[in-house]
């Protein structure tokens, strides 16, 4: 019997072994190529992924620099706070995690979804902040469920704290998490997502100085992202400290003097342009805005009819009313269209063309020279003066005083106001200038608008006989690393070129506004110091002859102005007060100015550079 079958033929077996060897070689080459791809071509990628799953960089937010007033009184510091973050790459089921968190602490799901969407294209494993300022109870709830909350990170971080709440809110500003749009701007180059930056006021303007340098902690994490071991720590560096020009006592006095009225007070040192106080009402609490607001909360605040986010001192544009008569007086004396001795008869109105331009005083003031016209704020006198001078020369002198342009104060979004000219009207309205419009401008009405900080600067310039200084808010910066104090010198813009006698005549009249029996600013008269000032009442809407503005609804009543300086013989402070719909300036705006002036002059003392 044959021991071999046809299938056991040695030649066939040898052939099969050849195919098997070829298969083995193909498989080996495939594995080799795959290994090459994984280790060489994609090696760095997978190494990074591996390390990311084991080693993380946790960024440590630095404390922002402190903010002080001119005498070293603390205005803003930092308080400890717990913030909750999500590491999106560590979350297996996002909705399930958010449901669990919502059962432990209060969360706005819509806001969370918006934040997560805005961060999806940023650096992998970069935490997304979802809630700030957790209470101790909330921290305890998160910690007690830590094992069930993979992808969460609880971080102790400094939270900005404004010691006096809404006081000086528009000046100080507030901080908030940097937005995707802000991350793309040159000034925020290198800033990490999630960083708190200045969003308004001085906090925004000097953010680069007071933000500090972010630190980092290299940690080892487990499979669900929980910290297991700290490998290395680079401590953050605190931001530099700011010393402002404002005086806390004067600021408080100005806040209290303005009360609940909508409006603003600006006080300035005419000798150097330092802002001593700046109030804007209604205000907001920067502590609230420095924490995460929901979309609904932000919408409610930004759409508030009182416009609490608007800094009326630098962004409010108002008709100056009779305070503009200082510009008209300057133009009249310098062009010699009126002499100091010339008298003009005020009978209560002035016929010009087919219209009678009325004076604020029924029956008129009688014969008025320049001094008495300023003291009693005679409209008819200034109608005639404005007619003689003309709109071009009125505009020229307004520009000399810095009106119609931003002052350059260190706050963003400062408005310029408007000084009308025939050329401006042709561009803006497509119409010619009518002579009657010059009369309206002569008493600070019509197309002319100003900001309160401009008017404070104007009064400071008059007080200093034409010397102009740029209004500013920063007195010094202290370098935290070295302790060195860098002081900011005043910036002298120049001098309004007018005769010294012109300034003397105007200042004497401004003194009379407060001190003389018929002066419209007698409510600012002080037993402590001599004050010079000018009242203003600016119409909000046109009214029919004979209609009393006091009978109108509040929102249609006149704005009240008072600008002042003191002491008359040695000016140290200038003030602008604007009360929206406040009526007559002499009644409502003069008393707050007096209070601010007295508070400053009775508390003049050592400043910060003398203390350090």
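For residue 79, only one of the following conditions fails: (1) surrounded by 13 or more Cβ atoms within 10 Å (Cβ to Cβ); (2) closer than 30 Å to residue 205 by Cβ; (3) within 29 Å of the chain's Cα centre (by Cα). What is its number?
(1)
Considering region 456-503 alone, what residues qualify as being in a helix (DSSP H, G or I) and under 27 Å from the mean Cα position of the chain (by Cα)?
Once the filter is applied, which keeps residues that are in a helix (DSSP H, G or I) and under 27 Å from the mean Cα position of the chain (by Cα), region 456-503 yields 456, 457, 458, 459, 460, 461.
Which pairs turn up if I take residues in region 92-116 that are assigned by TED's automatic domain parsing to the domain that holds residue 151 and look for partners that are surrounded by 13 or more Cβ atoms within 10 Å (Cβ to Cβ) and in a helix (DSSP H, G or I) with beta carbon separation below 6 Å, at least 6 apart in sequence or on another chain?
If the second residue must be surrounded by 13 or more Cβ atoms within 10 Å (Cβ to Cβ) and in a helix (DSSP H, G or I), the pairs left are 104/141; 105/138; 107/101.
Among the residues of region 209-226, what is the count of those that are in contact with a helix residue (DSSP H, G or I) (Cβ under 9 Å, 6 or more places away or on another chain) and either on the phi > 0 side of the Ramachandran plot or modelled with pLDDT of 95 or more (or both)?
Within region 209-226, residues that are in contact with a helix residue (DSSP H, G or I) (Cβ under 9 Å, 6 or more places away or on another chain) and either on the phi > 0 side of the Ramachandran plot or modelled with pLDDT of 95 or more (or both) number 2.
Quick test of your reading of the structure: residue 434 fulfils all but one of (1) surrounded by fewer than 23 Cβ atoms within 10 Å (Cβ to Cβ); (2) touching a residue at least 12 places away in the same chain (Cβ under 8 Å); (3) closer than 26 Å to residue 379 by Cα. Name the failing condition by number.
Here residue 434 clears every test but (2).
Could you tell me how many of the residues in region 285-297 are surrounded by 14 or more Cβ atoms within 10 Å (Cβ to Cβ) and within 18 Å of residue 106 (Cβ to Cβ)? Explain how you work it out, then say what you get.
Going residue by residue through region 285-297, those that are surrounded by 14 or more Cβ atoms within 10 Å (Cβ to Cβ) are 285-293, 297.
Okay, now just the ones that are also within 18 Å of residue 106 (Cβ to Cβ), so 288, 291-293, 297.
Number satisfying all stated conditions: 5.
Looking at region 528-612, what helices (runs of 4 or more DSSP H) fall wholly within it and have at least 3 residues that are at pLDDT 95 or above and either closer than 28 Å to residue 327 by Cβ or under 26 Å from the mean Cα position of the chain (by Cα) (or both)?
Details: elements: 585-588, 590-602, 608-611.
So the answer is 590-602.
Would region 191-202 turn up any residue that is touching a residue at least 40 places away in the same chain (Cβ under 8 Å) and under 30 Å from residue 598 (Cβ atoms)? Give the steps one after another, and end with the answer.
Start the filter on region 191-202 by keeping residues that are touching a residue at least 40 places away in the same chain (Cβ under 8 Å), which leaves 192-196, 199-202.
From what is left, the residues that are under 30 Å from residue 598 (Cβ atoms) are 201-202.
Yes, some residue in region 191-202 is touching a residue at least 40 places away in the same chain (Cβ under 8 Å) and under 30 Å from residue 598 (Cβ atoms).
In the set 198, 215, which member is buried (at least 19 other Cβ atoms within 10 Å of the Cβ) and under 24 Å from residue 84 (Cα atoms)?
Numbers: 215 fails: buried (at least 19 other Cβ atoms within 10 Å of the Cβ).
Checking each option against the conditions leaves just 198.
The values are calculated or read from the model by the stated rules, or taken from the named source; none is laboratory data. Nothing here was measured: the structure is a model prediction, and the numbers come from that model. As a convention, Cβ positions derive from the backbone with ideal geometry for all residues, glycine included, and neighbour counts pool all protein chains shown.
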